[in-house]
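Q: Can you read through this structure? Questions will come right after.
The values are calculated or read from the model by the stated rules, or taken from the named source; none is laboratory data. None of these values were measured; they are calculated from a predicted model. Because the Cβ atoms are built from the backbone with ideal geometry, glycine has one as well, and the counts that use them run over all protein chains shown.
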Amino acid sequence: MKILAIETSCDETGVAILESPRAEFGQPVEILSNLVASQISVHRRWGGVVPNLARREHQRNLIPLLSQSLRETKTIKSQWRWALSSREKKIISESLNREPRLSKKLTRFLKQGTRPEIDLLAVTIGPGLEPALWTGANLTLALSQIWQIPFVPVNHVEAHIVANWLDDSRPQEWPIIALVVSGGHTELILMENSSSYKIIGRTRDDAAGECFDKTARVLDLGYPGGPIISKLAEEWRIADQEKAPAEIKEISLPRPMIGSRDYDFSFSGLKTAVLYRHQSYPERIKRSPYYKIKMAAEIEDAINDVLINKTIEAAKQHQAKTILIGGGVAANQSLRHRLTEQARESGFNLFRPPIKFCTDNAAMIGLTGLKHSKKASLSDTIKVNANLNL
């Protein structure tokens, strides 16, 4: 079985092709292609993702990535067609009536090749940015109807969890506590089996990734904040800290809700604390080469302390055998290292996707589509939900 997957939930356009010996989740899959077009340079000047700009970039990137994936994997044969059928034109017109730029690109693309050797389509329908989600969903609907290939709508958060099965080592022991951390999501999820998801904790305001971005903006570090803060935090850890001014060595930030008796998160208070601390320091402190690296280290530690503490406690309470993480923040090296150590010390198996599968990508969408392949259909409608829950 070959699966073509499309991901457009936020600011990365992803197209992937996976192959599985049979339509069964948990078996080894081969990733034939996994292409991602990042939009970081587009959104950097705004300090965050602008939904309509993200939509425009998806419209620009989808067809080139689709064409490249199909041709590199030799799943489509080049065969020039001078014209599309009236049926195909009608499908494109109806499915992409709000996507004129994408409609033109798709028309040109379809004239260059025959139906690909694909058995299943998978596409993200939420959660995410609604304008971005619609772009991928509408294209998938058009392809499904034109090529007569069934499609599966995919939950983006579930896909971040399923990304742990893309690696050669796969979670096998249940129950599982899954920590999903990204720019828009911070959730703790209890899994009794591969089809059971129970959210036991979630952010009440800012997600961990948002906190990284917003605190980086306060410190004028640039966008996206997570990688920059992580890099500076490491500089503090290897620096000769004794040379730093006493005021900098004493910088300490709160760990919001770390002592609460639930598994919810709240990072807006940390963002506010960084703002007030930053405004309170005199310029002589801010000009010190130690200031920003110490602040970055404290921000990273504060966020990770909360994430790790609540994850370990949740695993203990629910007698989990396995902990897994997913989402863009799961690429944070400090989080990966510290959670690995604490999970082992507490007797839990820990799984974490390779870094390339932590950030948004279509390979995880394709594998999640395979997992739900029995729900595939040739429906002539599709819906997205920016606030979709597991």
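Q: Looking for something in a strand (DSSP E or B) and in contact with a helix residue (DSSP H, G or I) (Cβ under 8 Å, 6 or more places away or on another chain) - is there at least one such residue anywhere in the stretch 350-366?
A: Within the stretch 350-366, one or more residues are in a strand (DSSP E or B) and in contact with a helix residue (DSSP H, G or I) (Cβ under 8 Å, 6 or more places away or on another chain).
Q: Is it true that Lys90 is free of Cβ contacts under 8 Å to residues at least 60 places away in the same chain, basic (Lys, Arg), in contact with a Pro (Cβ under 9 Å, 6 or more places away or on another chain) and farther than 19 Å from Pro131 by Cβ?
A: For Lys90, the condition - free of Cβ contacts under 8 Å to residues at least 60 places away in the same chain, basic (Lys, Arg), in contact with a Pro (Cβ under 9 Å, 6 or more places away or on another chain) and farther than 19 Å from Pro131 by Cβ - is not met.
Q: Now for a separate question. Can you pull out the strands (runs of 3 or more DSSP E) entirely within the stretch 92-184 that have at least 1 residues that are within 20 Å of Asn34 (Cα to Cα)?
A: Of the strands (runs of 3 or more DSSP E) lying wholly inside the stretch 92-184, those with at least 1 residues that are within 20 Å of Asn34 (Cα to Cα) span 120-126, 151-155.
Q: Do you know which residues across the stretch 70-118 are surrounded by fewer than 16 Cβ atoms within 10 Å (Cβ to Cβ) and either under 25 Å from Ile31 (Cβ atoms) or not assigned by TED's automatic domain parsing to the domain that holds Ala23 (or both)?
A: Once the filter is applied, which keeps residues that are surrounded by fewer than 16 Cβ atoms within 10 Å (Cβ to Cβ) and either under 25 Å from Ile31 (Cβ atoms) or not assigned by TED's automatic domain parsing to the domain that holds Ala23 (or both), the stretch 70-118 yields Glu72, Lys74, Lys77, Ser78, Gln112, Thr114, Arg115, Glu117.
Q: Moving on. Please go through the stretch 259-280 and give me each residue that is over 18 Å from Lys214 (Cβ atoms) and surrounded by 15 or more Cβ atoms within 10 Å (Cβ to Cβ), ordered by number.
A: Of everything in the stretch 259-280, those that are over 18 Å from Lys214 (Cβ atoms) and surrounded by 15 or more Cβ atoms within 10 Å (Cβ to Cβ) turn out to be Tyr263, Asp264.
Q: Another question, then. Can we say Ser33 is free of Cβ contacts under 8 Å to residues at least 40 places away in the same chain and either within 21 Å of Leu133 (Cα to Cα) or surrounded by 16 or more Cβ atoms within 10 Å (Cβ to Cβ) (or both)?
A: Judged against the criteria, Ser33 is not a match.
Q: Would you point out which residue out of Glu72, Glu130 is farther than 30 Å from Asn389 by Cβ, of a type in the set (D, E, K, R) and under 26 Å from the mean Cα position of the chain (by Cα)?
A: None of the others qualify; the one that does is Glu72.
Q: I would also like to ask the following. Evaluate the stretch 73-82: report whether one residue or more is within 23 Å of Val157 (Cβ to Cβ), in contact with a Pro (Cβ under 9 Å, 6 or more places away or on another chain) and outside any helix (DSSP H, G or I).
A: No, the stretch 73-82 contains no residue that is within 23 Å of Val157 (Cβ to Cβ), in contact with a Pro (Cβ under 9 Å, 6 or more places away or on another chain) and outside any helix (DSSP H, G or I).
Q: So Arg202 ticks every box in (1) surrounded by fewer than 24 Cβ atoms within 10 Å (Cβ to Cβ); (2) assigned to a helix (DSSP H, G or I); (3) under 19 Å from the mean Cα position of the chain (by Cα) but one. Which box is left unticked?
A: The failed condition is (2).
Q: Got a sec? Which of Thr381, Thr340 is more than 16 Å from the chain's Cα centre (by Cα), part of a loop (DSSP other than H, G, I, E, B) and either of a type in the set (Lys, Arg) or surrounded by fewer than 24 Cβ atoms within 10 Å (Cβ to Cβ) (or both)?
A: The match here is Thr381.
Q: From the list Ile285, Ile258, Ile229, exactly one residue is assigned to a helix (DSSP H, G or I), within 21 Å of His337 (Cβ to Cβ), touching an Asp or Glu at 6+ places or on another chain (Cβ under 7 Å) and touching a residue at least 24 places away in the same chain (Cβ under 8 Å). Which is it?
A: Every option except Ile229 fails the conditions.
Q: Could you tell me which of the residues Ile17, Ile63, Ile6 is surrounded by 19 or more Cβ atoms within 10 Å (Cβ to Cβ), in the same structural domain as Lys104 (by TED's automatic domain parsing) and touching a Phe, Trp or Tyr at 6+ places or on another chain (Cβ under 8 Å)?
A: Just one listed residue meets the conditions, Ile63.
Q: Would you check if there is a residue in the stretch 293-314 being crowded, with 23+ Cβ neighbours inside 10 Å, closer than 19 Å to Asp206 by Cα and touching a Gly at 6+ places or on another chain (Cβ under 6 Å)?
A: no
Q: I'm checking my understanding of the structure. Among residues of the stretch 177-195 that are modelled with pLDDT of 95 or more and more than 22 Å from Ser260 (Cα to Cα), which one is nearest to the chain's Cα centre (by Cα)?
A: Top of the filtered list is Met191.
Q: Would you mind stating whether Ala331 is farther than 19 Å from Ile161 by Cβ, of a type in the set (A, V, I, L, M) and in the same structural domain as Glu187 (by TED's automatic domain parsing)?
A: The answer is no for Ala331.
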